[in-house]
Amino acid sequence: MKSQRLIFTILLLPCFAILLASNPTPPDPLPTIAKYTENMDERPGFFTTYWDEQGGRILMEISQWEEDFLYVNSLTAGLGSNDIGLDRNQLGDNRVVRFEHSGPRVLLVERNMSYRAVSDNEAERLAVQEAFAESVLYGTKALAATDSTLLIDLTGLLFQDMHGVSQRLKSRGQGIYKVDPKRSAVYLDRTRNFPDNSEFEARLTFAGTPSGSEVRSVSPTPESISLRQHHSFVRLPDDDYQARKFDPRCGYFSFSFSDYAQPIDQPLQQRYITRHRLEKSDPEAERSTAVEPIVYYLDPGTPEPVRTALLEGARWWNEAFEAAGYINAFQVKMLPPDADPMDVRYNLINWVHRSTRGWSYGSSVIDPRTGEIIKGHVLLGSLRVRQDFLLAQGVIEGYASGEQADPRLLEMALARLRQLSAHEVGHTLGLAHNFAASVNGRASVMDYPHPFIQLLADERIQLEDAYDIGIGAWDKRTILYGYSDLREQDEDRALSQILDESEAMGLHYLTDQDARPFGSAHPLAHLWDNGESAILELNRLGHLRRTTLNRLGLNNLAPGHPLAELERILAPVYFMHRYQIEAASKFIGGYNYDYSVRSVNTDSRNPSISPISLQLQEDATQALLNTLSPEYLSIPQSLINQLPPQPPGYFRDRELFRFYTGATFDPLAAAETAADAVFRMLMNHERLARLEVQHAASGGSIWDSGTYLSAIQNQMTDYLQIAEGNPQYSSIAELAFFRFFQHLLSLASNDNLQPRVKAEVLNQLELINQALPGDGSFQLLISESLRKFKAGTADFEIMTAFSPPDGSPIGCSGLH
């Protein structure tokens with residue numbers, strides 16, 4: 001019997017196990033929040049938070065479930081490398097998020113704002129919401145609970161790389177890094193709470209193996225990079241903001257989303273402008289104060305005299321708001337000592353240091369639901385002012401009288417900073433670039449200005465008008481469109497009238513896609529150009545450049561500096577014309593067009609796109625070919641004789657010329673580099689394809705690519721003949737012709753070349769040997785390269801030229 005009972009007991013054990021599993025012991029109830037947070041530092045605000053000193057944690061109460069708020073991440077302490085692009089006080093993403101919970105599990109969920117149904121029908125809205133994915137950014141378990149309020153540990157979110165530092169380092173070829181939690185901690189000094197926003201910050205250490213020179217140049221121990229990331233939880237604005245429609249002619253950035261509630265005959269994609277909220281105290285008054293003015297604050301870390309210049313430039317915008325009917329509605333002040341620069345309540349102008357000069361940025365915190373700008377955020381690179389000082393130093397003998405620099409050098413640099421401050425603030429007001437403003441008498445600070453340096457009749461250099469002062473005519477029109485208080489008017493009609501008036505004023509608006517030297521075709525939109533005619537300005541700059549080169553010497557260099565530093569001053573002078581070359585080249589195969597929209601008035605003008613006349617294309621080509629003459633490309637021997645190698649403690653960097661000769665200055669390499677830059681513009685494959693299109697459409701009245709290429713080859717052959725007997729000029733002419741030949745080979749090897757263009761290029765190559773005079777070593781190099789190209793031999797290669805010293809940004813922009 002005993003054995004039978006034992007067997008029965010053994011058989012019953014699995015049954016008891018199943019019963020226990022199906023009736024688990026209920027978990028211990030969560031402690032109350034008050035109990036759990038005893039002896040912790042409570043911080044009331046938008047979200048009530050607690051600092052757990054013993055655990056080094058940030059805890060947070062959540063009682064508002066399924067309610068949207070704004071989550072913004074940013075980088076408060078940066079890496080200091082322009083090339084990597086992880087700058088101090090750099091804004092990250094704007095996300096509409098909400099907290100959800102299922103039992104003790106809490107999720108931070110990001111809404112998908114790109115796809116919506118703007119409808120009163122809840123089912124219609126839900127259908128779109130469920131059709132597109134959302135993103136869970138963070139998940140954790142509740143630590144304590146009081147009624148429906150849960151307490152969570154937020155530290156895990158703060159230790160996530162929400163700014164994408166690791167990905168940025170990887171994409172820049174700087175190594176594989178990840179956050180090391182053991183070397184990361186909450187940064188309590190910048191973790192604060194306010195009624196409408198809760199701010200958190202953490203020092204994150206990224207551990208990894210460096211593989212690039214950039215991270216090594218700015219980090220004391222590149223295997224361990226410590227940065228600070230900031231996180232803002234912000235109450236979303238109320239529903240009183242009225243979004244304003246986007247028009248391609250208005251000059252603003254567009255904010256868009258797909259609205260599946262739109263009628264079938266209406267666009268799915270809805271577009272509005274980004275702008276701050278601004279209303280008149282008295283909407284019926286012609287001029288009125290604002291209900292709440294737009295106030296910007298300057299980083300107190302900005303030194304004088306830069307501080308005053310930045311304040312003055314940013315304040316120019318008030319003139320535009322005054323013209324729109326406001327009284328003192330745009331203000332610029334110094335940031336109060338107790339204010340956090342990352343607090344979204346403050347529009348900020350930051351002064352940012354990097355190891356090398358680079359772009360400045362105007363970005364914004366934007367409500368992703370409406371496009372309303374909540375915070376304007378400007379980053380200004382501190383080294384830009386030194387570059388402008390250097391530009392002035394190259395054209396003025398600023399140290400002819402002693403150790404003190406000619407005051408005009410600093411005055412020009414500060415004038416550029418005023419313009420730069422206004423430009424980047426303009427981006428944070430919602431304005432896009434206007435790269436056609438220079439042809440309207442510098443009508444906008446939203447252009448990229450090249451310093452307008454004048455050579456007077458008595459051969460004196462004038463810098464006083466290098467940069468414009470004040471806001472431009474176009475800027476006033478854009479502010480009028482975006483910020484006019486139209487509550488008492490028919491808004492659509494009022495906005496159309498503003499645009500029609502701007503057109504009647506002859507103000508041009510062309511932006512980024514129209515202005516780049518490649519991939520765009522409009523002759524009025526350029527970066528860093530001056531004058532109503534890009535062709536005439538290129539010719540003017542040529543005279544100024546030659547005069548400046550002939551004068552350049554010891555009087556341009558500050559006492560106590562090595563003579564080798566003259567090369568650093570020479571570089572921007574020698575390449576002074578580089579951007580005007582880009583501007584003039586766009587006449588070749590260029591087109592005139594604008595951003596017209598279909599008018600309801602059938603009698604209105606018919607917008608069209610038209611090619612540039614043959615005469616202007618020929619003029620532009622000749623102006624560019626003039627920059628390829630041996631005289632133009634040469635450097636005075638007297639200046640070359642003053643350029644020794646870099647001394648101990650000084651190093652060659654990307655601001656200097658590239659050489660074949662090792663340490664000693666190489667004027668022939670400089671000439672070859674300059675010539676190659678011109679041929680890159682003259683022989684762009686898209687430009688040549690447009691010539692073929694224009695030739696066919698015009699019935700042959702505009703030249704084709706073959707005629708155009710023959711004109712270039714004839715001029716380069718003439719330069720070879722003219723230079724005979726002059727060793728310096730002859731060497732430069734041969735190098736320039738060789739660059740032309742190499743670009744022909746590059747075109748012939750381009751699989752994307754338009755077939756008719758390819759035929760003309762191959763024909764030019766066949767004529768090369770016949771066009772070259774003589775039968776010396778230079779001719780042998782050409783013929784041997786051509787033989788290898790035709791034969792397709794394994795050792796055939798296109799020989800590239802050195803790239804010029806860094807140029808852009810000669811001024812700074814907002815890339816978005």
Q: Just need a number here: residues in region 80-112 that are open to solvent by less than 50 Å² (accessible area, probe 1.4 Å), part of a loop (DSSP other than H, G, I, E, B) and among the acidic types (Asp, Glu).
A: 1
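Name every residue in region 503-539 that is under 27 Å from Ala324 (Cβ atoms) and open to solvent by 10 Å² or more (accessible area, probe 1.4 Å), in order of residue number. Explain how you work it out, then say what you get.
Restricting attention to region 503-539, the residues satisfying the condition of being under 27 Å from Ala324 (Cβ atoms) are 503-512, 514-515, 524-525.
Result: Glu503, Ala504, Met505, Gly506, Leu507, His508, Tyr509, Thr511, Asp512, Leu524.
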Q: Kindly list, by first and then second residue, each pair from a residue in region 117-132 that is more than 20 Å from Gln266 (Cβ to Cβ) and modelled with pLDDT under 95 to a residue that is hydroxyl-bearing (Ser, Thr, Tyr) and open to solvent by less than 80 Å² (accessible area, probe 1.4 Å), limited to pairs with Cβ atoms under 7 Å and residues at least 6 apart or on different chains.
A: none
Q) Residue check, Glu582 against (1) closer than 24 Å to Asn550 by Cα; (2) outside any loop (DSSP other than H, G, I, E, B); (3) within 31 Å of the chain's Cα centre (by Cα), all met but one. Which one? A) (1)
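Of Gly175, Gly208, which residue is touching a residue at least 24 places away in the same chain (Cβ under 8 Å), over 23 Å from Thr155 (Cβ atoms) and small (Gly, Ala, Ser)?
Numbers: Gly208 fails: over 23 Å from Thr155 (Cβ atoms).
So the residue among Gly175, Gly208 that is touching a residue at least 24 places away in the same chain (Cβ under 8 Å), over 23 Å from Thr155 (Cβ atoms) and small (Gly, Ala, Ser) is Gly175.
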(Q) I'd like the full set of residues that are open to solvent by 10 Å² or more (accessible area, probe 1.4 Å), over 30 Å from Leu570 (Cβ atoms) and β-branched (Val, Ile, Thr), limited to region 358-411. (A) Ile366, Thr370, Ile374
**Q.** Residue check, Leu414 in a helix (DSSP H, G or I) and either hydrophobic (A, V, I, L, M, F, W, C) or in contact (Cβ under 8 Å) with a residue 40 or more places away in the chain (or both)
**A.** yes
Q | Check on Ser63, within 30 Å of Glu214 (Cβ to Cβ) and among the hydroxyl-bearing types (Ser, Thr, Tyr) | A | no
Q) Lys333 versus (1) crowded, with 21+ Cβ neighbours inside 10 Å; (2) assigned to a strand (DSSP E or B): which is the lone unmet condition? A) (1)
Q. Out of Gly381, Gly402, Gly398, which single residue is in contact with a Cys (Cβ under 9 Å, 6 or more places away or on another chain) and either of a type outside the set (Asp, Glu) or modelled with pLDDT of 95 or more (or both)?
A. Gly381
Q. When residues of region 566-590 are filtered for being charged (D, E, K, R) and open to solvent by 10 Å² or more (accessible area, probe 1.4 Å), how many remain?
A. 3
Q.
Just the residues that are part of a loop (DSSP other than H, G, I, E, B), open to solvent by 50 Å² or more (accessible area, probe 1.4 Å) and under 30 Å from Met505 (Cβ atoms), please, taken from region 204-252.
A. Gln242, Phe246, Pro248, Arg249
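Being farther than 21 Å from Asn440 by Cα, in a loop (DSSP other than H, G, I, E, B), open to solvent by 50 Å² or more (accessible area, probe 1.4 Å) and without any contact (Cβ under 8 Å) to a residue 60 or more places away in the chain narrows it down to one residue among Asp468, Asp458; which is it?
On the way: Asp468 fails: farther than 21 Å from Asn440 by Cα.
Result of the check over Asp468, Asp458: Asp458.
What do you reckon, is Asp500 acidic (Asp, Glu), farther than 21 Å from Tyr241 by Cβ and surrounded by 16 or more Cβ atoms within 10 Å (Cβ to Cβ)? Write out each step before concluding.
Values: acidic (Asp, Glu): yes; farther than 21 Å from Tyr241 by Cβ: yes; surrounded by 16 or more Cβ atoms within 10 Å (Cβ to Cβ): no.
No: the conditions fail for Asp500.
Looking at Thr25, Thr9, Thr37, Thr32, can you tell me which residue is open to solvent by 30 Å² or more (accessible area, probe 1.4 Å), more than 39 Å from the chain's Cα centre (by Cα) and modelled with pLDDT of 90 or more?
Numbers: Thr25 fails: modelled with pLDDT of 90 or more; Thr9 fails: modelled with pLDDT of 90 or more; Thr37 fails: open to solvent by 30 Å² or more (accessible area, probe 1.4 Å).
Among Thr25, Thr9, Thr37, Thr32, only Thr32 is open to solvent by 30 Å² or more (accessible area, probe 1.4 Å), more than 39 Å from the chain's Cα centre (by Cα) and modelled with pLDDT of 90 or more.
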**Q.** Selection from region 490-534 of residues that are under 24 Å from the mean Cα position of the chain (by Cα), more than 20 Å from Asp475 (Cβ to Cβ) and of a type outside the set (Gly, Ala, Ser)
**A.** Gln513, Arg516, Pro517, Phe518, His522, Pro523
**Q.** Which listed residue, of Ser777, Ser701, Ser705, is open to solvent by 40 Å² or more (accessible area, probe 1.4 Å), over 30 Å from His377 (Cα atoms) and at pLDDT 95 or above
**A.** Ser701
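The values are calculated or read from the model by the stated rules, or taken from the named source; none is laboratory data. Remember, predicted model here, so these are calculated numbers, not experimental data. With ideal geometry, Cβ positions are generated from the backbone for all residues, glycine too; neighbour counts draw on all protein chains shown. Surface accessibility is based on the protein's heavy atoms, side chains included, excluding ligands, DNA and RNA. Shrake-Rupley method; radii C 1.70, N 1.55, O 1.52, S 1.80 Å.
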